[in-house]
Structure formats: structure tokens, C-alpha cells
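Read the structure below first, then the notes.
The values are calculated or read from the model by the stated rules, or taken from the named source; none is laboratory data. Bear in mind that the values here come from a model prediction, so they are computed numbers and not experimental data. When we count neighbours, we look across all protein chains shown, and the Cβ atoms used for this are built from the backbone with ideal geometry, even at glycine. Protein only, heavy atoms only, side chains kept; ligands, DNA and RNA dropped before computing areas. Shrake-Rupley method; radii C 1.70, N 1.55, O 1.52, S 1.80 Å.
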Number of protein chains: 2
Amino acid sequence: MLEALLDKLNKFHPLSPELTERIRAVATLVTHPAGDIILREGQVCNKACLVIKGLARSYYIIEGRDITSRFMDEGFIITSWISYYTQQPGNEFIEALEETTLICIHYTDIQKLYTDFPEFNIIGRKQAEYGFCMAEQRTQILRKHTAEEKYKFFLDNHPTLLQRVTLKNIATYLGMNEETLSRVRSKFHKRKD
Amino acid sequence: MLEALLDKLNKFHPLSPELTERIRAVATLVTHPAGDIILREGQVCNKACLVIKGLARSYYIIEGRDITSRFMDEGFIITSWISYYTQQPGNEFIEALEETTLICIHYTDIQKLYTDFPEFNIIGRKQAEYGFCMAEQRTQILRKHTAEEKYKFFLDNHPTLLQRVTLKNIATYLGMNEETLSRVRSKFHKRKD
DNA sequence: CGGTCCCATTGACATATGTCAAGAGAATGC
DNA sequence: GCATTCTCTTGACATATGTCAATGGGACCG
């Protein structure tokens with residue numbers, strides 16, 4: 001199972017045998033049941049985890065509203081980026097939406113990897129660059145003008161998530177409320193007949 | 001003037017004399033007059049530039065609307081991140097809002113720095129991590145519920161920009177139109193009397 | 001099997017924001 | 001120095017989305 005992580009890292013940059021060994025030594029497998037809160041607001045996020053199986057969402061609460069910031073399924077990294085990078089308490093929750101199996105590495109272990117294996121910084125850099133691009137892309141959804149365009153964008157970019165996530169969570173991800181999304185959907189799919 | 005760049009990089013990670021020398025060799029100073037388009041939609045962004053003096057904004061056009069994605073002033077990096085990282089044509093324009101002086105390094109030179117100086121990846125990683133956090137923060141503006149909250153957030157986080165940027169550009173940055181911003185401001189500042 | 005919860009939909013209505021138009025003032029250019 | 005833009009504001013009105021409430025269908029659980 002650890003192979004999934006090694007594969008992913010290898011695609012960023014080839015891992016030496018020594019580095020591979022060290023990663024094996026510090027990576028741990030965890031499974032969260034559906035509904036589990038993996039990280040809470042106010043905590044420092046001290047690990048980064050690859051999703052092997054399952055699905056989670058990150059969200060935060062602002063003025064009493066639950067706002068979904070990200071969905072993370074197989075192949076993606078679960079962490080609360082700002083809290084992780086700055087090692088300060090963050091405002092994000094992370095919640096398992098399905099039973100979710102993760103390979104986790106602690107922040108301090110990752111920092112040691114950076115200092116002990118300079119080439120691991122290449123991987124860290126490319127991962128951060130990738131995450132950055134994804135973040136910019138997510139932002140573009142919120143800049144769409146109408147609810148319908150946001151929904152269309154979601155359909156085009158996350159077709160599989162639609163079956164796995166409640167519409168309420170999708171709605172808060174798209175910056176609208178549940179009822180609006182429901183109406184947009186009925187109008188949108190009616191036209192397709 | 002190059003010192004500003006070296007200072008910034010040094011704060012991420014100490015630069016060896018050799019690395020410092022190489023950076024000096026590849027960095028170039030450029031000045032754009034106000035109104036200049038530094039990058040156009042459809043181009044590949046092949047450099048990253050530190051703003052020494054001046055101010056620019058990146059924007060893109062979607063369904064005929066001009067949407068500001070970022071403001072970049074002194075100390076910040078000007079580049080079109082997705083296009084830069086992927087080296088694919090992007091959809092962003094970058095426009096100098098004031099006369100703007102930059103220290104630029106070409107993408108290929110940066111890549112050579114990564115391969116020739118492994119520790120330069122530490123700097124690249126930390127810069128990407130920082131940019132990622134900034135991107136997440138920008139996104140939070142768009143998730144605010146009302147126009148007034150968005151404006152308040154902008155006031156708190158970019159107080160100096162208000163004097164340097166037209167309200168129209170701020171409005172598109174905040175995901176509202178010019179008139180709405182104007183009304184929010186008059187209501188908001190009236191209360192302060 | 002019946003009760004309870006959660007999810008999604010729909011209706012009626014309220015309201016925030018967008019749109020279109022006009023105008024005043026400042027900045028810019030010939 | 002005058003004309004021309006541009007910026008910002010304001011008004012009247014249109015409309016998209018939010019809010020509140022009710023309903024029906026599943027899923028889950030005792």
C-alpha cells in the first residue's frame with residue numbers, strides 16, 4: 001500500500017534507495033470511518049496524507065456558515081495547507097465523507113527529509129507548485145458569474161464527485177446555497193432532454 | 001538594485017557565494033511604463049519577476065468580463081503562476097498600473113538553478129508554499145457572504161492598495177461590480193462618522 | 001415494522017446585487 | 001485652455017439568489 005505514495009513521489013522526481021527506505025520508515029497507514037473529523041479548527045495540522053481510498057472534505061465555519069473549501073479523493077493530499085506550512089492553528093476542519101484510508105507523514109519527519117535529502121526539496125517544490133495551480137483553479141469557480149456556470153464548471157471538472165458528495169456540500173463549495181443548486185440542476189438537466 | 005532580490009531569497013534560505021554569483025548573472029532589470037501590458041493571454045509566461053517599485057495587476061477575460069485575479073506591488077512576484085509552472089499558454093493578462101521596475105529571471109535559467117544548485121529547490125519550495133497560502137487567502141475573500149464583508153476584508157488586508165488602484169479594479173477583484181462597491185463604500189464610511 | 005433523521009426538491013417571498021443610464025469632477029492630451 | 005476621457009457616484013429598475021417553510025423519499029436504527 002505504501003507503494004502508492006512512493007509511485008506518486010517518484011513521478012515528481014526519482015527516489016534514491018536510501019530516500020525510499022526513509023520514507024517507508026516514517027509513513028504510517030491510517031483508516032478513518034465515514035463521518036470522522038480528521039482535523040479540527042484551532043489545531044495545528046502536523047501531517048500530510050495521501051488518500052489511498054475514500055473521500056474527505058475540508059471546510060470552515062464563518063458567520064455560522066459551513067463553507068466547503070476542498071474535496072480530496074484518491075490520489076490527492078489531505079492536509080490543511082496554511083496550517084501545515086505555517087505550523088499555526090488553522091480555521092479548517094477536515095471530515096471523512098466515506099471510510100478513508102490514508103498514508104500519513106508527520107510534519108517534523110517531512111522537514112527532516114528536506115534537510116537530510118536535498119533532492120526531496122525538488123519533490124516538495126513540485127508538490128507545492130501543483131497545489132498552487134489547483135488552488136488557483138478552484139478560485140476560478142467562485143469568479144464565475146452565475147450559479148449555472150459554477151455548476152457547469154463543477155460538472156466538467158469533477159464529474160465523479162457528483163455521485164459521492166451531498167448536494168449541500170457541493171453548494172457550499174460553489175458559493176451558493178442548497179436550494180439554489182437544486183434549482184440550477186433541475187433547469188440545467190431539463191434542457192438536456 | 002539586485003540586492004533586493006538576493007535579500008528576499010536569502011530570507012528563504014542562505015545563498016552560497018556561487019549561487020549568488022549565478023543569480024546576479026541571470027537576473028535582469030526591466031522597467032514598464034504605466035499601462036504597459038507585461039503579459040498577454042495566450043502567451044507562455046517564461047519568467048518570474050520581483051517588483052522593486054510600482055504595481056501591477058493580473059486579470060483575465062471571461063464572458064466579456066474583466067476579472068482581476070491579483071495585485072502585485074513592491075516585494076511581490078509578478079508571474080502568471082499556472083502558465084509559468086506548466087509552461088503552457090495561459091489566460092491571464094498582466095498590466096502595469098504604475099511605472100513598474102522589475103528584476104526578472106527567465107524560466108529556463110531558474111530551471112538550471114534548480115539542477116545546478118540543489119539548495120535552490122529549498123527556496124523554490126518555500127516560495128511556492130508561500131504563494132499557495134496567499135492564493136488560499138485570496139480565495140477566502142470570494143467566499144465571504146456579502147459585498148460589505150468582502151470590502152471590509154480588503155480594507156483590513158490591503159489598506160495601502162486602496163489609494164493606488166481604481167475602484168473598478170478592486171470591484172472585479174472582489175467579485176462584484178463597480179456600482180455595488182461604490183454603494184457599499186458610501187454606506188460603510190457613513191457609519192464611521 | 002414504525003419512527004426518526006437526513007437529503008433533495010419546490011413554492012412564496014424578501015433582498016442583495018446587477019444593469020442601464022446620467023452626471024459631476026478630475027485627469028489627460030492635443 | 002478646451003475637449004476628451006476616465007473615475008466615481010447616484011437613481012430607477014430588473015433579476016438572481018437567499019431565506020423560510022413544507023413535503024416526500026430514502027436510509028438507518030431500535
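Overview of results
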| read-out | value |
| --- | --- |
| Spread of Cα-to-Cα distances over 5 Å intervals beginning at zero, given as percent, for chain B | 1, 7, 14, 18, 18, 15, 11, 7, 4, 2, 1, 0 |
| Accessible area that becomes buried as B packs against A, both chains, 1.4 Å probe, Å², nearest 100 | 3400 |
| Simple spin-label estimate for residue A:2 and residue B:187 in nanometres, 7 Å along Cα-Cβ | 5.8 |
| Shielded by partner chains, the stretch B:92-126 residues - at least 50 Å² of accessible area, 1.4 Å probe, vs chain alone | B:121, B:125 |
| Helix-derived mean residue ellipticity, 222 nm - over chain A, DSSP H n ≥ 4, -39500 (n - 2.57), to 500 | -15000 deg cm²/dmol |
| Degrees between helix B:107-116 axis and first principal axis of chain B (Cα, 0 to 90, nearest 10) | 50 |
| Distances in nm from residue B:99 to the matching label points in the other copies, shortest first (labels 7 Å along Cα to Cβ) | 6.8 |
| Over the protein assembly as shown - Rg/Rh using Cα atoms and the Kirkwood inverse-distance radius | 0.97 |
| With every protein chain in place, the protein assembly as shown: carbon and sulfur % of accessible area (1.4 Å) | 52 |
| Solvent-accessible heavy-atom area per residue, rounded to whole Å², over chain A at 1.4 Å | 47 |
| Cα-based helix-to-principal-axis angle, A:178-191 vs chain A, degrees rounded to 10 | 70 |
| Length gained when the stretch residue A:146-residue A:62 is fully extended (0.36 nm per residue, less Cα-Cα span) | 28.0 nm |
| Cα long-axis angle, helix B:120-142 against chain B (0 to 90 degrees, to the nearest 10) | 10 |
| The stretch A:1-49: equivalent-ellipsoid semi-axes (sqrt of 5 x gyration tensor eigenvalues, Cα, Å) | 26, 13, 10 |
| Gain upon complete extension [residue A:30, residue A:88; 0.36 nm per residue less C-alpha separation] | 18.5 nm |
| Of A:126/A:150; A:8/A:53; A:47/B:11; B:126/B:152, those spanning more than 18 Å from alpha-carbon to alpha-carbon | A:126/A:150; A:47/B:11; B:126/B:152 |
| For chain A, Cys with no neighbouring Cys Cβ under 4.7 Å | A:45, A:133 |
| At 7 Å out from Cα toward Cβ: residue A:31 inter-copy label distances (nm, ascending) | 6.6 |
| At 7 Å out from Cα toward Cβ: residue B:18 inter-copy label distances (nm, ascending) | 1.8 |
